[in-house]
Amino acid sequence: MKKALIGKKIGMTQFIHEDGTTVPVTVCELGPCVVVQKKNVEKDGYAALKLGFSDAKEQRVTKPILSDLKKKNIRPLKIFGEVAVFDETLDVGSEITCSIFAENTVVNVTGISKGKGFAGVVKRHGFHGGRETHGSTFHRAPGSIGACAYPSEVWRGQRMPGRMGYRTVTVKNLKIVKVFEDKNIVLISGAVPGRKNTLITVCER
């Protein structure tokens with residue numbers, strides 16, 4: 001299976017190769033993650049690894065989660081997520097670091113995009129709008145949103161004004177440029193969804 005890890009976006013910078021070429025990269029902190037639970041097809045209906053990321057204070061963790069972690073001799077964690085099983089030898093309590101990724105590996109990165117507030121159809125969906133000539137009263141309006149007598153309702157999925165951004169986005173085919181195992185830092189070419197400190201999941205392509 002494909003390797004995956006949970007982390008967060010730190011920011012953007014540039015990386016200079018030995019031949020002098022410059023590449024824009026996103027600095028990401030990946031791991032260390034702890035295997036909190038192993039799900040299997042017989043019991044849960046699907047196979048997955050539940051990973052925990054980012055240490056937390058005991059008083060910041062709910063009692064049910066804290067008691068479950070203590071039973072498994074796992075330190076308090078604040079962030080949890082599921083990835084596909086990529087190593088059958090991993091047991092509950094195992095720690096996974098960014099060393100599972102090699103340089104030049106092609107990955108897909110999933111995160112929550114930046115929220116941009118309420119936006120109209122021109123900004124949100126790229127509508128052209130109406131004429132800008134003198135006398136026109138139709139400029140940035142959406143126009144008709146449905147039929148008249150039949151079916152007398154707005155079509156499902158109609159593009160309309162609304163909140164823009166802040167949704168789960170996956171950017172595919174990004175390349176890992178550099179891995180700093182001692183700092184749990186990975187440099188990924190190009191832009192990654194979200195603002196600084198956004199939680200991301202990096203999965204091998």
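What follows draws every value from the coordinates through simple rules; no lab data is involved. Here the structure is a predicted model, which is why all the values come from computation and not from measurement. Every residue, glycine as well, gets a Cβ built from its backbone with ideal geometry; the counts of neighbours run over all protein chains shown.
Report, by chain and number, residues whose modeled amide H sits under 5 Å from the one on Met12, excluding near sequence neighbours (fewer than 5 apart, same chain).
Here the answer is Val27, since their amide H atoms fall under 5 Å of that of Met12.
What relative contact order, as a whole-number percentage, does the range 34-107 give when Cα pairs under 8 Å and 6 or more residues apart are counted?
RCO, the range 34-107: 37 percent.
Within 10 Å, Cβ to Cβ, of Val35, how many net charges do the neighbouring residues add up to if Lys/Arg are +1 and Asp/Glu are -1?
Counting the neighbours of Val35, the net charge comes to 0.
If each DSSP helix of 4+ residues adds -39,500 (n - 2.57) and the sum is divided by the residues in the chain, what number results at 222 nm, nearest 500 deg cm²/dmol?
-2000 deg cm²/dmol
Find how much the distance from Arg205 to Ser144 grows on full extension, using 0.36 nm per residue of separation minus their present alpha carbon separation; answer in nm with one decimal. Intermediate results must be reported in sequence, preceding the final value.
On the way: separation 61, 0.36 × 61 = 21.96 nm, distance 4.20 nm.
Here the segment from Arg205 to Ser144 would lengthen by 17.8 nm.
So if R0 is 22 Å, what FRET efficiency would Ala48 and Asn73 give, r being the distance between their Cβ atoms, rounded to the nearest 0.05?
My answer for the efficiency is 0.55.
Just tell me which lysines come within less than 22 Å, Cα to Cα, of Lys123; anything on the same chain fewer than 8 places away is out.
Once the sequence-local lysines are set aside, what remains near Lys123 is Lys114.
By how many nm would the segment from Phe80 to Gln158 lengthen if fully extended, with 0.36 nm per residue of separation less the alpha-carbon distance?
Working it through step by step, the gained length comes to 24.6 nm.
Pairs of Cα atoms under 8 Å, at least six residues apart: use those to get the relative contact order of the range 62-174, whole percent.
Averaging sequence separation for qualifying contacts and normalising by length gives 32 percent for the range 62-174.
For the range 179-187, in order, what is each residue's ³J(HN,Hα) by Karplus, 6.51 cos²θ - 1.76 cosθ + 1.60 with θ = phi - 60°, in whole Hz (x at glycine and Pro)?
10, 10, 5, 5, 10, 6, 10, 10, 9
Output the peptides 25-34, 71-80 sorted from most to least packed, where packing is the average of other Cβ atoms within 10 Å over each peptide's residues. Show your work: numbers first, answer last.
On the way: 25-34: 22.1, 71-80: 13.8.
My ranking of the peptides, most packed first, is 25-34, 71-80.
Would you list, by chain and number, the aspartates and glutamates whose Cα falls below 18 Å from the Cα of Lys183, excluding same-chain residues fewer than 8 positions away?
Reachable aspartates and glutamates: Glu29, Asp55, Glu95, Glu103.
Once Rh is set to the Kirkwood radius over Cα pairs, what Stokes-Einstein translational diffusion coefficient, in µm²/s, holds for the chain at a temperature of 37 °C and a viscosity of 0.692 mPa s?
Translational diffusion coefficient: 162 µm²/s.
Report the relative contact order of the chain, percent, no decimals, based on alpha-carbon pairs under 8 angstrom and at least 6 residues apart.
Normalised by residue count, the contact order of the chain is 31 percent.
Greater than 23 Å separation of Cα atoms is the criterion. Which listed pairs, Lys9/Lys71; Lys3/Lys178; Lys2/Lys70; Lys38/Lys70, meet it?
Numbers: Lys9/Lys71 31 Å; Lys3/Lys178 17 Å; Lys2/Lys70 29 Å; Lys38/Lys70 16 Å.
The pairs that break the limit, which is 23 Å between Cα atoms, are Lys9/Lys71; Lys2/Lys70.
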